[in-house]
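**Q** Just dropping this structure here.
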Amino acid sequence: MAVLWVLDVTGTESTAGLEGNGVWWRLAPGLVAAVALLLPGRPAVLTWGAAAAVIASGATTGALLTSVTPTFAGWGLLETLCLLLLLVRTAKDIPRPWPAAVLSGALGLAVIAAPMRLDSDSSVISLLLTFPTGGAVGLGCYLRSLDDRRRRAIADTRQSERLELARELHDFVAHHVTGIVVQAQAARAIRDSAPEQVEPLLRRIEQAGSETLQSMRKLVRVLREDEVRTVRPGDLFAELGDLVAAFAERDAPATLQIAAGARQARPDAEVETSVRNVVREGLTNIRRHAPGSPSVSVRVGLSGDDADARRLRVEVHNAPPPRQTAPNAEPLGGRGGLGLVGLTERTEAVGGTLHASRAEDGGWRLTAEFPLRGAVAGSPA
């Protein structure tokens, strides 16, 4: 853009018959288009910037075509480049189809009509500009289709995770309801022989019912179409041990560290399943993107100082491989996976948070935190 600006200024100053402000009037459409192109990429700002560039270019062209003795009309390379790039951005980034189509058409017309300000060869240049204009429209529409495809893929992944979570929550709700039924039957059986035991059973039933309602609020209304294996409540750490042991046997040295406080915590059953999925996804990403890592660690502990606000913290960390993969090398299994998108959806669905970032040693760290709630005392295993 800077080089084209210099060429425009040089060519304008060498034109006879113009002095002083006439030079800047001729270059004004290019300046307006450049400013519009460099504005932040928010859709509203882009819409108004593209409209301003069209108005500036169209007004300059119209002034030449309607004036008998034009004194400030001119056509510049900077203007053409910025209008073409604005055309690509408009076709790609303006979300509503009709404004995007109207502005794209106006920008394309402005590009093709701008050479008409010249005294000669304007029709030939305008004809030649139809090719880059069509290419800009095609490129913008292609990038728009890629963005739409990516959004649909993310939406499908999130929906799949919601349905998966709904199936698992169905199992957990059935588990709680079974506990309620069993304790209600026990209360009826001992109502006459041991009435003093009825009150504790009623409190457990109330607590189990409250926990069931919490799971029901998260449950997506979906029919269970196939059998999905879930983690039974209480088997979380055994499952994590199996995952880490299998990874250490096939891929890289791996360790599992579970804090004493975490072993005593009693998270909801759906949280236990989400913890397992975080560890599984973290190990899968290490296998794909950091093969040959010298060490992998999985840590489960508690975060927070307040006993009532503590959260279950899960961390998967890998040291950098001794030979870093080339920047353009394809990871095992390919690029473009949506595992972290679905994992984030699942984590947030149970009230947790997920964060992935580069570690201090150059490796990678995946961290998730989940809320802790008291489990139902005496509920069946």
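The values are calculated or read from the model by the stated rules, or taken from the named source; none is laboratory data. This is a predicted model, so every value here is computed, not measured. Here the Cβ is made from the backbone with ideal geometry for all residues, glycine too, and neighbour counts use every protein chain on show.
**Q** Condition test on Gln183, is it polar (S, T, N, Q), over 36 Å from the mean Cα position of the chain (by Cα), under 21 Å from Ala269 (Cβ atoms) and modelled with pLDDT under 75?
**A** Details: polar (S, T, N, Q): yes; over 36 Å from the mean Cα position of the chain (by Cα): yes; under 21 Å from Ala269 (Cβ atoms): yes; modelled with pLDDT under 75: no.
Criteria not met by Gln183.
**Q** Determine which member of the set Arg335, Arg311 is at pLDDT below 80 and basic (Lys, Arg). So that I can check it myself, show each step before the final result.
**A** Details: Arg311 fails: at pLDDT below 80.
Answer to the check: Arg335.
**Q** Can you find even one residue in the range 21-38 that is closer than 23 Å to Ile112 by Cβ, loosely packed, with under 12 Cβ neighbours inside 10 Å, modelled with pLDDT under 85 and assigned by TED's automatic domain parsing to the domain that holds Ala114?
**A** No.
**Q** Quick one: is Leu236 in contact with a strand residue (DSSP E or B) (Cβ under 9 Å, 6 or more places away or on another chain) and modelled with pLDDT under 85?
**A** Numbers: in contact with a strand residue (DSSP E or B) (Cβ under 9 Å, 6 or more places away or on another chain): yes; modelled with pLDDT under 85: yes.
Yes, satisfied.
For (1) surrounded by 11 or more Cβ atoms within 10 Å (Cβ to Cβ); (2) in a loop (DSSP other than H, G, I, E, B); (3) at pLDDT 75 or above, each residue gets a yes or a no:
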site	(1), (2), (3)
Ala187	yes, no, yes
Gln207	yes, no, no
Thr212	yes, no, no
Met216	yes, no, no
Arg221	no, yes, no
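**Q** Out of Gly41, Gly135, Gly58, which single residue is free of Cβ contacts under 8 Å to residues at least 24 places away in the same chain and either of a type in the set (S, T, N, Q) or out of contact with any Lys or Arg (no Cβ under 6 Å at 6 or more places or on another chain) (or both)? Break it down into steps so the answer makes sense when it comes.
**A** Details: Gly41 fails: free of Cβ contacts under 8 Å to residues at least 24 places away in the same chain; Gly58 fails: free of Cβ contacts under 8 Å to residues at least 24 places away in the same chain.
On inspection, the qualifying residue turns out to be Gly135.
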